[in-house]
Amino acid sequence: MKKNSTYRLALAGMLTAVMFIIGYVESLLPAFFAVPGIKPGFANIPVMLAIHLIDWKMALAMSAARILLSGFTFTGLFACIYSLAGSILSICVMTLLKKTGKFSIVGISIAGGAAHNIGQITVAVIVLGSAVWYYLPVLIVSGIAAGLLTGIVTGVIIKNFGGKLSGDQ
């Protein structure tokens, strides 16, 4: 995959566009629970694909691009800050776990979902004060559930299309 930088860039662009669209669709969904901010996290499937098929740097760039585009288009500056913190921590954790070779795609995704919420709540504590720590257990559970779903879907995509997506055919 590293051989063809044009292919990598084109794939990253397409995955970023898919992330943006999925993120927009998720923003239209009603809240699943009485707790604000919980989403299924399907916009993270392209990030997982990028980590596994391209590299972590491209996944980070794609995620940052999507967050900034979504922030300017739909959510605003504070949502961008929370999302960036969550994404950076999540991608770092997922990349480290992937490099160990000891975790499945689902396990990596679950850890990434939990890490994303830890990153977000850490920024919330800095901005709003320590009173928001109570929200962390709810976010961790939702991050684990979202990571499980995202990991399963990513695993199915890689199993069925991984070679074609990576350009290896």
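The values are calculated or read from the model by the stated rules, or taken from the named source; none is laboratory data. A quick note: this is a predicted structure, and the numbers were derived from the prediction, not measured. When we count neighbours, we look across all protein chains shown, and the Cβ atoms used for this are built from the backbone with ideal geometry, even at glycine.
Summary table
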item: Test: ALA65 is out of contact with any helix residue (DSSP H, G or I) (no Cβ under 6 Å at 6 or more places or on another chain) and assigned to a helix (DSSP H, G or I); result: no
item: Hits in the range 68-77 - residues which are surrounded by 15 or more Cβ atoms within 10 Å (Cβ to Cβ) and in contact with a helix residue (DSSP H, G or I) (Cβ under 7 Å, 6 or more places away or on another chain); result: LEU69, SER70, GLY71
item: When residues of the range 78-110 are limited to those that are surrounded by 19 or more Cβ atoms within 10 Å (Cβ to Cβ) and β-branched (Val, Ile, Thr), the one nearest to MET19 (Cα to Cα); result: ILE91
item: Lone qualifier among MET58, MET62 - being under 27 Å from ILE158 (Cα atoms), of a type in the set (A, V, I, L, M) and out of contact with any Leu (no Cβ under 7 Å at 6 or more places or on another chain); result: MET58
item: Residues located in the range 98-126, provided they are in a helix (DSSP H, G or I), under 16 Å from THR150 (Cβ atoms) and among the hydroxyl-bearing types (Ser, Thr, Tyr); result: SER109
item: Qualifying position, being more than 28 Å from ALA10 (Cβ to Cβ) and touching a residue at least 12 places away in the same chain (Cβ under 8 Å), among ILE158, ILE105, ILE118; result: ILE118
item: When residues of the range 27-51 are limited to those that are at pLDDT 75 or above and of a type outside the set (A, V, I, L, M), the one farthest from the chain's Cα centre (by Cα); result: SER27
